[in-house]
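Each remark here refers to the structure printed beneath this line.
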Amino acid sequence: MSSSTRYNRQIILPEIGEEGQEKLSRSKVLVIGAGGLGAAILPYLASAGVGEIGIVDHDVIEISNLQRQVIYKTEAIGKSKAKEAKAVIAELNPLVKVKAISEKLSGRNAISLFEKYDIIVDATDNIAIKYLINDACLVTHKPMVYGSIFRFQGQVSVFNYKNGPTYRCLYPEENLNAANCEEAGVLGVSVGIIGMLQANEVLKMILGIGAILSGKILVYNTLNNEQQKYDFEKNDFQSITREAFEEKYNKCEVEEVSFESVLNEMDNDEVLFLDVRNVDESPKISLKNQIQIPLMHLESKLEKLDKKQTIYIFCQSGIRSKIAFELLQKHRFKNIKSIAGGALTMRNLLEEKKDSHEFTNFIF
């Protein structure tokens with residue numbers, strides 16, 4: 001089957017034509033995140049004929065993902081999201097070149113990745129990563145297609161388009177403790193709608209048609225089908241230099257430790273174990289020197305923490321603890337470490353110790 005036959009229904013649109021289809025085939029788009037938003041964005045970019053698509057995601061597929069990450073099958077549980085998404089796209093449209101990047105986006109790889117693509121799509125649910133994407137786009141002069149979901153409400157915008165307003169113009173304060181879908185909950189169709197709106201902005205930019213959501217944010221509510229579009233202006237925020245980017249994002253990596261390596265500190269009054277999970281999450285773990293502050297409330301309750309103590313942060317699996325690490329680091333906490341694997345790993349080790357009668361000062 002020829003490419004003209006595959007894309008016939010969009011080529012016959014006067015706004016696209018053969019010339020527009022050629023633009024699509026030459027374009028290169030990098031999608032950060034192959035979760036709920038990415039699962040909606042990727043198939044539409046591929047089916048439209050975007051020439052090259054990069055997928056960045058270091059995560060693996062879990063059963064709880066399938067409710068909204070609809071490109072994955074049950075038998076894919078435990079496999080790499082980026083690699084599985086690549087396989088899905090290759091099957092959908094073999095004419096598209098796809099690269100799976102199964103690594104976490106960071107200050108060390110963002111700029112080198114972004115330089116290879118024309119448009120960067122934010123399909124993440126992590127506030128800290130959104131600021132990183134924005135700043136790397138500024139350094140590399142790439143537009144950022146933004147999407148965000150909170151329960152039944154979603155947002156879409158385009159930042160840094162033709163030197164237009166950026167993510168920091170809309171959200172100048174780095175509030176890193178906003179809830180993600182794991183904490184706040186999400187309806188699958190809400191993610192799908194916002195993801196498709198993001199894909200639409202990408203295609204319009206490539207084709208040079210329509211009105212781009214630059215300097216505007218679209219807010220859509222799936223419960224009542226209401227949507228609003230708000231204008232915002234570029235502020236006095238200075239463009240980030242490569243040197244400033246390196247200083248901000250590469251000066252200190254999150255320090256991780258194994259729970260086993262700190263077991264002997266469980267009774268040390270100079271040590272605090274900080275649980276940043278929600279109060280209803282299991283397994284329940286209770287250590288002598290422990291406090292629980294959910295991540296979404298952490299920044300407003302920093303007075304409960306003592307900067308003189310060594311703080312070991314843990315969450316369910318080790319992801320939110322890294323966000324908490326960055327938040328505490330921003331507030332000049334020095335003696336902080338993230339426990340690798342989180343409460344799930346801790347529970348397994350504590351059960352082993354309980355069976356051997358080594359420790360008794362904990363509960364599940």
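Residues whose amide H comes within less than 5 Å of that of Val121, counting only those at least five positions distant or on another chain, are Leu30, Val31, Ile32, Val145 (H built at 1.01 Å from N in the peptide plane). Rounded to the nearest 20, the size of the Cβ-charge dipole of region 88-153 about its Cα centre is 60 debye, with Lys and Arg at +1 and Asp and Glu at -1.
Take the Cβ-Cβ distance between Lys79 and Asp306 as r, set R0 to 30 Å, and report the resulting FRET efficiency rounded to the nearest 0.05. Once rounded, the FRET efficiency stands at 0.10. Against the chain, whose longest principal axis is taken from its Cα atoms, helix 36-48 shows a tilt of about 20°.
Compared with the dominant Cα axis of the chain, that is its longest principal axis, helix 127-140 is turned about 50°. Note on His58: accessible area is roughly 100 Å² with a 1.4 Å probe, heavy atoms of protein only. Checking every one of the chymotrypsin sites (Phe, Trp or Tyr not before Pro) in region 314-351 against DSSP loop status and a limit of 15 other Cβ atoms within 10 Å picks out no site at all. Of the residues Thr140, Thr241, ranked by 1.4 Å probe accessible area with the largest first, the sequence reads Thr241, Thr140. Partner aspartates and glutamates whose Cα lies under 17 Å from the Cα of Lys248, excluding those fewer than 8 positions away in the same chain, are identified as Asp135, Glu173, Glu174, Glu326.
Only Lys, Arg, Asp and Glu count, each charged at its Cβ (+1, +1, -1, -1), so figure out the dipole size of the chain about its Cα centre, rounded to 20 debye. Don't skip to the end; give the middle numbers.
Details: 44 positive and 48 negative charges, 154 e Å.
Around 740 debye, computed over the chain.
Filter the chymotrypsin sites (Phe, Trp or Tyr not before Pro) in region 203-270 to those in DSSP coil with at most 16 other Cβ atoms within 10 Å of their Cβ, and list the result.
Values: sites: Tyr220, Tyr230, Phe232, Phe237, Phe245, Tyr249, Phe259; in loops: Phe232, Phe237, Phe259.
Sites meeting the loop and neighbour criteria: Phe232, Phe237.
For a straight C-alpha distance cut-off of 24 angstrom, the lysines reachable from Lys73 (same-chain residues fewer than eight places away being disregarded) are Lys81, Lys83, Lys86, Lys97, Lys99, Lys104. Taking Cα atoms, how many degrees apart are the long axis of helix 17-26 and the longest axis of the chain, rounded to 10 and kept between 0 and 90? Tilt of helix 17-26: around 30 degrees. In region 3-152, a dipole from Cβ-located charges (positive for Lys and Arg, negative for Asp and Glu) runs towards its positive end, and of Ala39, Phe114, Ile149 it is Ala39 whose Cα lies farthest in that direction. Under a 5 Å amide H cut-off, with hydrogens placed 1.01 Å from N, Ser317 pairs with Ala343 among residues at least 5 apart or on other chains. Residue-wise HN-Hα couplings along region 294-304, as the Karplus relation 6.51 cos²θ - 1.76 cosθ + 1.60 with θ = phi - 60° gives them from phi, are x, 3, 5, 10, 4, 5, 8, 10, 5, 5, 7 Hz; Gly and Pro carry x. Once Lys and Arg get +1 and Asp and Glu get -1 on their Cβ, which of Leu92, Ile129, Ile63 lies farthest toward the positive end of the dipole of region 57-141? It is Leu92.
Listed by chain and number, the lysines whose alpha-carbon sits under 19 Å from that of Lys301, ignoring those within fewer than 8 places in the same chain, are Lys322, Lys330, Lys334, Lys337. Expressed as a whole percent, the accessible surface of region 80-167 that belongs to carbon and sulfur atoms is 50, based on a 1.4 Å probe.
The values are calculated or read from the model by the stated rules, or taken from the named source; none is laboratory data. Source: prediction; values computed, not measured. Virtual Cβ from ideal backbone geometry, glycine too; neighbours counted across all protein chains shown. Ligands, DNA and RNA are excluded from the accessible area calculation, which covers all protein heavy atoms including side chains. Shrake-Rupley method; radii C 1.70, N 1.55, O 1.52, S 1.80 Å.
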